[in-house]
Amino acid sequence: MNYKTPNSKVKAKWNIIIGSIFIISFILIPVVNTKAESVSVHANIVWEMTDIVVQENMILSWNVDKNDLWSFNTQLFPEGHTADGILVNALKDYVLPEQPIGKLIGRIGDFGRKFPMGLSGSIPILPSEDGEFLYLSMNDDIIGLYGKGFKDNEGEIIVEVKQIRIK
């Protein structure tokens, strides 16, 4: 078979098409990276692993609806409370001491950095955290030293999580 080489007009059109695709892909990358993932966090599970793998050069951002409630003790808070917890700080042996009891807490990796989350916020992902899973938990007594710990917790909250590329 004898193939003809494309003329200069066809080459120019293909160069424009390929160039346009290349430019559009760079424009869309930040949009793709800001897609929110919904994660269900159960009040009675300590350090629930999510499917979210954090990436360096990203900001991890989250939001929980203020009407989404859970409870660390249904006798004291039968109606539940928000992901901000209550106005009493946790003691030692809690998921994150010095933060409100019942607050949503995050951790990066199996033994990594813990951080208070609450209803909304954001943190930068450090280079050493790249490729680690995000874990979420209610701030409660891990070993049951001050009560029943996680055994008397009820409810779940939905956390919307985004990773936004740092420009």
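Throughout, read-outs are computed from the coordinates displayed, never taken from laboratory work. Since we're looking at a predicted model, the values are computed, not measured. Methodologically, a virtual Cβ is constructed for each residue, glycine included, from the backbone with ideal geometry; neighbour enumeration extends over all protein chains shown.
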Report summary line: If we ask which residues in the range 83-99 are within 19 Å of Ile158 (Cα to Cα) and free of Cβ contacts under 8 Å to residues at least 40 places away in the same chain, their number turns out to be 2
Requested in this report: Provide a single number: the residues in the range 45-67 that are assigned to a loop (DSSP other than H, G, I, E, B) and within 13 Å of Leu136 (Cβ to Cβ).
Outcome: 4
Query - Selection from the range 93-152 of residues that are of a type in the set (Lys, Arg) and over 17 Å from the mean Cα position of the chain (by Cα) - result: Lys148, Lys151
Report task. Hey, can you tell me all the residues within the range 80-103 that are in contact with a Ser or Thr (Cβ under 8 Å, 6 or more places away or on another chain) and of a type outside the set (Val, Ile, Thr)? Result -> Gly80, His81, Gly102
Report summary line: In the range 144-167, anything more than 22 Å from Met117 (Cβ to Cβ) and in contact with a Gly (Cβ under 9 Å, 6 or more places away or on another chain) is listed as Lys151
Report summary line: When every residue in the range 90-116 that is aliphatic (A, V, I, L, M), surrounded by 14 or more Cβ atoms within 10 Å (Cβ to Cβ) and out of contact with any Leu (no Cβ under 7 Å at 6 or more places or on another chain) is compared, the one farthest from Glu129 (Cα to Cα) is Ile101
